[in-house]
1. In nm, give the distance between the simple-model label positions of Ala52 and Asp31, each being 7 Å from the Cα along the Cα-to-Cβ direction.
2. Compute the distance in nm between two label points, each set 7 Å from the Cα along the Cα-to-Cβ direction, one at Ala76 and one at Glu42.
Amino acid sequence: MTASPPSRPKRPARAALDALLSTDARDPGCDEAFALIHRYVEILHNGGDPDAELPGIGVHLRACPPCGEDLVGLLAALHAEGPS
């Protein structure tokens, strides 16, 4: 039995490629997520389940760091405004 070579850490390009290839088929992409993120935030802020109404959007927001940051920013802005 031969020993396996030590595993090398993933290079950034390899990690990006792995993320791209493992994209969930339900992910509609940035354009659609951007068009509906306000609705996703409203549902979430009002105590609803945005993933039930907009499941693909939630998939994308969890998979795309820039869009996820937009979600965090919108939620922070909404919370800063206070209760609706």
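Any read-out appearing in this document is the output of simple, stated calculations on the displayed coordinates, not a laboratory observation. Please read all numbers here as calculations on a predicted model, not as lab measurements. All Cβ positions, glycine included, derive from the backbone under ideal geometry; neighbour counts span all protein chains shown.
1. 3.1 nm
2. Placing both labels 7 Å along Cα→Cβ, they lie 2.4 nm apart.
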